[in-house]
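The values are calculated or read from the model by the stated rules, or taken from the named source; none is laboratory data. Not measured: the values here are computed from a predicted model. Neighbour counts run over all protein chains shown; Cβ positions are idealised from the backbone, glycine included.
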Amino acid sequence: MSAIGAYASTLFALDLTGIMLILAAFAHVISIEERNLVAPELARLFRNGRNRLAILSLATAVSIAPQFWEWTLLGVPTRLYIWYLPLISYWVGRLVRPQSRTYRIS
């Protein structure tokens, strides 16, 4: 891989990590029950989302390490598999608990 490709890959991982951290921070602010921004049932959903985003952002931050570009699985760098985790998490969550993605009280 070229030096430019490695640099761009690292910047993408930093960007993705930052986006998920910002979303986690927003979910945290919304989930604080003392502020009464949302109903308690919705606050629980936002806390779960915050925790999920924090874990996923940690995984993408770890993917910045150079060895995740060097290690491959089926000829694909493991870094790419790590980047698929947020997308997979979203769609699995939608399939398993669709109400958790609408943020409406059922």
Exercise. Where residues in the range 69-83 are touching a helix residue (DSSP H, G or I) at 6+ places or on another chain (Cβ under 8 Å) and closer than 14 Å to residue 11 by Cα, which of them is modelled with the lowest pLDDT?
Worked result: 69
Problem set entry | Restricting the range 77-86 to residues that are in a helix (DSSP H, G or I) and not polar (S, T, N, Q), the residue that is nearest to the chain's Cα centre (by Cα) | 86
Seminar exercise, completed: Taking the range 43-76 and keeping only residues that are buried (at least 16 other Cβ atoms within 10 Å of the Cβ) and over 19 Å from the mean Cα position of the chain (by Cα), one is left with 69
Exercise. Which residues, taken from the range 77-93, are closer than 18 Å to residue 58 by Cα, of a type outside the set (Val, Ile, Thr) and surrounded by fewer than 14 Cβ atoms within 10 Å (Cβ to Cβ)?
Worked result: 84, 87, 90
Problem set entry | Hits in the range 20-46 (condition: touching a helix residue (DSSP H, G or I) at 6+ places or on another chain (Cβ under 6 Å) and charged (D, E, K, R)) | 33
Problem set entry | Residue ID - farthest from residue 84 (Cα to Cα), chosen from residues in the range 13-39 that are touching a residue at least 60 places away in the same chain (Cβ under 8 Å) and assigned to a helix (DSSP H, G or I) | 20
Exercise. In the range 7-63, what residues are among the charged types (D, E, K, R) and more than 26 Å from residue 79 (Cα to Cα)?
Worked result: 33, 34, 35, 41, 44, 47
